[in-house]
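Below: the structure, in structure tokens.
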Amino acid sequence: MSDDTLTESRPAPEQIKDVVIRFAGDSGDGMQLAGTQFTASSALFGNDLSTFPNFPAEIRAPQGTVGGVSSFQVHIADWDILTPGDRPDCLVAMNPAALKANVDDVVPGGLILVNTDAFDERNLGKAGYDENPIDNGSLDTYTVLKAPMEELTKDAVKDSGVKGRAALRSKNFFALGLMSWIYTRSLDPIIEWVDDKFGADTPVGSANVSALRAGYNYGITTEAFHHTYEINPAPLPAGEYTNVIGNVASAWGIMAAADKANLPLFLGSYPITPATTILEELARHRNFGIKTFQAEDEIAGIGATLGAAVAGSLAITTTSGPGLALKSETLSLALMIELPMIIVDVQRGGPSTGLPTKVEQSDLLFAMYGRHGEAPLPIVSTSSPSDAFDAAFEAARIAIKYMTPVILLTDGYIATSSEPWKLPDLDALPDISRPYATHNGEGPFLPYERDPETLAREWAIPGQTGMEHRVGGLEKDSQTGNVSYVPENHEHMSHLRDAKIQQIQADIADVEVHGDGTDLLVLGWGSTYGAIRTAVDRVNKEGLSVSHAHLRHISPFPKNLGDVLARHDRVLIPEINLGQLSKLIRAEYGVDSTGYNRVLGQPLRARFIESEIHDILNGETS
Amino acid sequence: MTTDTKRFERSDFQTDQEVRWCPGCGDYTILASVQTYLASLDIDREKHVFVSGIGCSSRFPYYMNTYGMHGVHGRAPAIATGIAIANPELTVWVITGDGDALSIGGNHLIHTLRRNVNLNIILFNNQIYGLTKGQFSPTSELGKKTKTSPMGSIDRPFNPVSLALGSEASFVARTLDMDRNHTISMLKAMREHEGSGLLEIYQNCNVFNDKAFLDLTAKDTRDENRIWLEDGEPIIFGPNGEYGVTFDGKGARIVEVSQVGRHNIHVHNASNPDPSVAFALSRLAHGPYGPTPLGIFRNVPVPSYGRLLEEQITRAREKQGPGDLAKVIRSRGTWTVE
Ligand code: SF4
């Protein structure tokens, strides 16, 4: 077979509106890469898309076992989609464990592409299969497509210079090539990427390209693969797009905020899954003058961040649940001193180490209340990978304007997923700068004098003449900032710190209500956005009267939220926790809601929310 | 950097806050030494930042008319690191105690030292928890009876100088609260050194641990117990210079000069890149009991963390040009929808 792609005698592909594909294999099989490249090629083609990578918790789970399966799900469509899809229409299973771990999710009648070479006795045993599921009829409800990917890959790469078992490493490219054939994707962007990454002429580069082409050609020449599919470009609003991963968007949002605040950017952080890639992204941009500091622990991470805020930087620390717990003490100091700071909590399954690589929304109450003393602060939440840019910018705006630490909540799903993002006009972003303090030399400088409107104090930084002052964790006099143990002053300051946060309500956007149905409001926050919106749109199409509201601000709540809740007969709050927002809503508005609460380490699925809505409106849930 | 036209008086560095240490506390003397030293410099008041943790000594920033921050227990080195990195123009001081630096903040201390962040760390070692009214600390001697160790402490103590040298701190020194001139000369050497410096000050807590340093302070014992380390000088001490320090295969040893001969006495070299000699000197005394070295153990040139970071920024700008976010958000491939 020549190295070139065969001239296609492609039978007319079946036009479909969308497809959910899950690439699954052992952690070493390169499925994340295959999924990412399939996504990139689809993005360039103009599809709308949404991805969901799913990693095993252990870095080296035993090979071939169900615990070691890594997967990447991508939803591509010719319409505006919001989720990576509930269930795959097509599963690529590189080994028996990948099949076992994922087959139950595949829609009945869906496609399953298996690498038959991996289905030997040993691998079947490791996956816990007594007999080969490919042959025993257990997959009869699906369309199973078989390819001996390892043999074919070895054959394809034999001239590349890659020898022995190393040749098998290219089998993900074989799978990618074959999938590109089935779903009518161009190989060009992938080949370009390989060239960029490895050099097309290097042994590894040429092996990958050969395997890719071989996979594609196998589709052309093998009758079983002659039913192919095509998904047209989606009619997205005109503009320039990129496919953005949530943590990267958070990092870029912070960079944009530093620019618009005209402040040097400092990030003090300690590596923790799934937050680390924000630190990694910011560390790449030293030429922006960004100072990233990888500290010895979470506490030093926020400590240095607070120090940078003292010195006048836009100061950020990033973490996940266990780290937020460690940062709590310094966070209280930051709000006591009243300095701007952003704490990004990329939530994961807890408590304790919990499910480090999986999504959960269970830090909400901790973000709200996890500090000693009366210690309110603003909380901003992120609803999707591309939204992370705006959310980070908004968190910075509030922090700087009100001289307060702000918690930015995202989660493990947003962190690693991607979706198309219409690039913003950076010049059009608002100016969020605040001048450092000034003092005319008359009388003493009063570091805790407040702007009557924002209640924010002045920001005088070391190096500024005539404003030398001391700050600290002890209660301070409301004017001078000097230590004060006067009981009335402490009570006054406690109220003042609370009022400062509460009145931010006047400066945040109202929560938008999607739909005009009044029978039920589905209220959400964070990464459940896509699933809730999809479910609400579906039931409204069926004629139900349901609306969706999604919170950007959780502390304080938007000022119209009380009215919005009152306008609806019932309220459903789906969350990836055991009902934390529900508690806050009840406490604040006295409104009892119905919860839809799952903690499976997975994003919520639209169809379950949909059936929950049906149940409620059919009166099955009180 | 003393100039002829002295810009400041000590009072320029005093605040209007009432100093609230117990009468007779060694902290007063240290405060006076620091204020005197700062007044001798030609550095603007606003360029100094004092950062402390929690404890008696950590009240210090409130009494310094500079920028200051009273932080959280043990975290002053971390907070100060952020300040020093964010603005390399500042002179940043960390005020800490034995509990603050070595117990709750031990991790931050060793990492700050190894990183060589540009900080001047003053460790007030009084070998007791004073603010909480007298519990044993990580430098209290074995067997010490306190309210939390009524039968005697079974906690083996740290030697802070050994710990700092073990962390490869580039500047490590020790002094006594009551010796203001020596304290000032140590402060000066520490400030002029690039990177992290640790100055341990034996500080008397006259309320909860009085006379802990008697061997080094009492008139009748101090001369035979103070081993002054002078760079480039043989280490000789005693009322009449009768004792000295030599190195043999087993480390540093105290000898009588007359028995080994003056030429066999170890000549102190604070700039020795190998920290093991300084470490051996620090092991001559496990606490302030008997002959104890005072002065600069180690003072070596190592680029500070802050400088290396600034250099990376300069290099990145030379290579990539100034940051352009519009370019960054397009760096992962884009497509256009018409
Ligand atoms: S308790 Fe001891 S260390 Fe604290 S102020 Fe009093 S004398 Fe000084």
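The values are calculated or read from the model by the stated rules, or taken from the named source; none is laboratory data. Remember, predicted model here, so these are calculated numbers, not experimental data. Quick reminder, even Gly has a Cβ in these numbers, built from the backbone with ideal geometry, and neighbours come from all protein chains shown. The protein model used for the area step is the full one, side chains on, heavy atoms only, and it has no ligands, DNA or RNA in it. Shrake-Rupley method; radii C 1.70, N 1.55, O 1.52, S 1.80 Å.
Inside the range B:1-21, residues that are open to solvent by 70 Å² or more (accessible area, probe 1.4 Å), within 15 Å of the ligand (Cβ to nearest atom) and either more than 14 Å from chain A (Cβ to nearest Cβ) or touching a helix residue (DSSP H, G or I) at 6+ places or on another chain (Cβ under 6 Å) (or both) make up a count of 0.
From A:Glu442, A:Glu453, A:Glu468, which residue is closer than 19 Å to B:Thr15 by Cβ and either modelled with pLDDT under 95 or assigned to a loop (DSSP other than H, G, I, E, B) (or both)?
A:Glu468
One line per residue, one yes/no per condition, for (1) modelled with pLDDT under 95; (2) surrounded by 14 or more Cβ atoms within 10 Å (Cβ to Cβ); (3) part of a helix (DSSP H, G or I):
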{"position": "B:Gly244", "(1), (2), (3)": "no, yes, no"}
{"position": "B:Phe247", "(1), (2), (3)": "yes, yes, no"}
{"position": "B:Ile254", "(1), (2), (3)": "no, yes, no"}
{"position": "B:Ala270", "(1), (2), (3)": "no, yes, no"}
{"position": "B:Ala278", "(1), (2), (3)": "no, yes, yes"}
{"position": "B:Leu281", "(1), (2), (3)": "no, yes, yes"}
{"position": "B:Leu284", "(1), (2), (3)": "no, yes, no"}
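Among the residues making up the range B:258-281, those that are more than 21 Å from B:Leu294 (Cβ to Cβ) and out of contact with any strand residue (DSSP E or B) (no Cβ under 9 Å at 6 or more places or on another chain) are B:Ser258, B:Gln259, B:Gly261, B:Pro273, B:Asp274.
One residue is enough: does the range B:314-336 have a residue meeting the conditions part of a helix (DSSP H, G or I), closer than 18 Å to B:Glu168 by Cβ and within 14 Å of chain A (Cβ to nearest Cβ)?
Taking the range B:314-336 as the starting set, the residues that turn out to be part of a helix (DSSP H, G or I) are B:314-320, B:325-328.
Those still in the list that are closer than 18 Å to B:Glu168 by Cβ too: none.
Looking for residues that are part of a helix (DSSP H, G or I), closer than 18 Å to B:Glu168 by Cβ and within 14 Å of chain A (Cβ to nearest Cβ), one finds none in the range B:314-336, hence no.
Every condition in (1) closer than 25 Å to A:Arg434 by Cα; (2) aliphatic (A, V, I, L, M); (3) not in a loop (DSSP other than H, G, I, E, B) is met by A:Leu263 except one, and the failing one is (3).
The condition of being modelled with pLDDT of 95 or more and either more than 14 Å from chain B (Cβ to nearest Cβ) or outside any helix (DSSP H, G or I) (or both) holds for only one of A:Lys171, A:Lys158, that being A:Lys171. Among the residues of the range B:195-237, the ones that are away from the ligand (no atom under 16 Å from the Cβ) and assigned to a strand (DSSP E or B) come to 10 in all. Filtering the range A:445-468 to residues that are surrounded by fewer than 16 Cβ atoms within 10 Å (Cβ to Cβ) and more than 8 Å from chain B (Cβ to nearest Cβ) leaves A:Glu449, A:Asp451, A:Pro452, A:Glu453.
Scanning the range A:469-519 for residues that are more than 14 Å from chain B (Cβ to nearest Cβ) and of a type in the set (Asp, Glu) returns A:Glu488, A:Glu491, A:Asp498, A:Asp507, A:Asp510, A:Glu512, A:Asp516, A:Asp519. Each residue in the range B:110-143 was checked for being within 15 Å of the ligand (Cβ to nearest atom), in contact (Cβ under 8 Å) with a residue 12 or more places away in the chain and either closer than 17 Å to B:Phe213 by Cα or hydroxyl-bearing (Ser, Thr, Tyr) (or both), and 13 of them qualify. Residue count for the range B:94-118 satisfying the condition of being of a type in the set (A, V, I, L, M, F, W, C), closer than 17 Å to B:Val72 by Cβ and not in a helix (DSSP H, G or I): 2.
Does A:Ile400 satisfy the criteria of being closer than 26 Å to B:Gly53 by Cα and assigned to a helix (DSSP H, G or I)?
Numbers: closer than 26 Å to B:Gly53 by Cα: yes; assigned to a helix (DSSP H, G or I): yes.
The answer is yes for A:Ile400.
Applying the criterion of being in a loop (DSSP other than H, G, I, E, B) and out of contact with any helix residue (DSSP H, G or I) (no Cβ under 6 Å at 6 or more places or on another chain) to the residues of the range A:579-591, the residue that is nearest to A:Ser362 (Cα to Cα) is A:Gly579. A:Glu223 meets the conditions (1) touching a residue at least 60 places away in the same chain (Cβ under 8 Å); (2) surrounded by fewer than 16 Cβ atoms within 10 Å (Cβ to Cβ); (3) more than 7 Å from every other protein chain (Cβ to nearest Cβ) in every case but one. The failed one is (1).
Are any of the residues in the range A:366-381 aliphatic (A, V, I, L, M) and part of a helix (DSSP H, G or I)? Within the range A:366-381, one or more residues are aliphatic (A, V, I, L, M) and part of a helix (DSSP H, G or I). The set of residues in the range B:299-325 that are under 26 Å from A:Val244 (Cβ atoms) and surrounded by 13 or more Cβ atoms within 10 Å (Cβ to Cβ) comprises B:Ile313, B:Ala316, B:Arg317, B:Gln320, B:Gly323, B:Asp324, B:Leu325.
Scanning the range B:78-113 for residues that are crowded, with 24+ Cβ neighbours inside 10 Å, more than 9 Å from every other protein chain (Cβ to nearest Cβ) and β-branched (Val, Ile, Thr) yields B:Val94, B:Ile95, B:Thr96. Take the range B:169-180 and flag every residue that is away from the ligand (no atom under 16 Å from the Cβ) and buried (at least 19 other Cβ atoms within 10 Å of the Cβ). B:Ala169, B:Ser170, B:Phe171, B:Val172, B:Ala173, B:Arg174, B:Thr175, B:Asp179 - these are the residues of the range B:169-180 that are away from the ligand (no atom under 16 Å from the Cβ) and buried (at least 19 other Cβ atoms within 10 Å of the Cβ).
B:Ser153: part of a loop (DSSP other than H, G, I, E, B) and within 16 Å of the ligand (Cβ to nearest atom), yes or no? Walk me through it before giving the result.
Values: part of a loop (DSSP other than H, G, I, E, B): yes; within 16 Å of the ligand (Cβ to nearest atom): no.
So B:Ser153 fails the test.
In the list B:Arg59, B:Arg75, which residue meets the criterion of being of a type outside the set (Val, Ile, Thr), more than 8 Å from chain A (Cβ to nearest Cβ), open to solvent by 10 Å² or more (accessible area, probe 1.4 Å) and within 18 Å of the chain's Cα centre (by Cα)? So that I can check it myself, show each step before the final result.
Values: B:Arg75 fails: more than 8 Å from chain A (Cβ to nearest Cβ).
So the residue among B:Arg59, B:Arg75 that is of a type outside the set (Val, Ile, Thr), more than 8 Å from chain A (Cβ to nearest Cβ), open to solvent by 10 Å² or more (accessible area, probe 1.4 Å) and within 18 Å of the chain's Cα centre (by Cα) is B:Arg59.
Tell me, which residue of the range B:55-76 that is part of a strand (DSSP E or B) and either touching a residue at least 40 places away in the same chain (Cβ under 8 Å) or among the small types (Gly, Ala, Ser) (or both) is nearest to the ligand (Cβ to nearest atom)? Give the derivation first.
Quick first cut of the range B:55-76, residues part of a strand (DSSP E or B) only: B:64, B:67-70.
With either touching a residue at least 40 places away in the same chain (Cβ under 8 Å) or among the small types (Gly, Ala, Ser) (or both) added as a condition, the list becomes B:64, B:68.
On the way: B:Met64: 16, B:Gly68: 18 Å.
The qualifying residue nearest to the ligand (Cβ to nearest atom) is B:Met64.
Of the residues examined, A:Ile302 is one that is buried (at least 22 other Cβ atoms within 10 Å of the Cβ) and among the β-branched types (Val, Ile, Thr).
Just a yes or no: is a residue in the range A:272-288 part of a helix (DSSP H, G or I), of a type in the set (Phe, Trp, Tyr) and under 20 Å from A:Pro385 (Cα atoms)? No, every residue in the range A:272-288 fails to be part of a helix (DSSP H, G or I), of a type in the set (Phe, Trp, Tyr) and under 20 Å from A:Pro385 (Cα atoms). Considering only residues in the range A:277-292 that are out of contact with any strand residue (DSSP E or B) (no Cβ under 8 Å at 6 or more places or on another chain) and more than 8 Å from chain B (Cβ to nearest Cβ), the one that is most open to solvent (accessible area, probe 1.4 Å) turns out to be A:Arg284.
Scanning the range B:22-54 for residues that are within 14 Å of another protein chain (Cβ to nearest Cβ) and in a loop (DSSP other than H, G, I, E, B), we see that the one that is surrounded by the fewest Cβ atoms within 10 Å (Cβ to Cβ) is B:Asp44.
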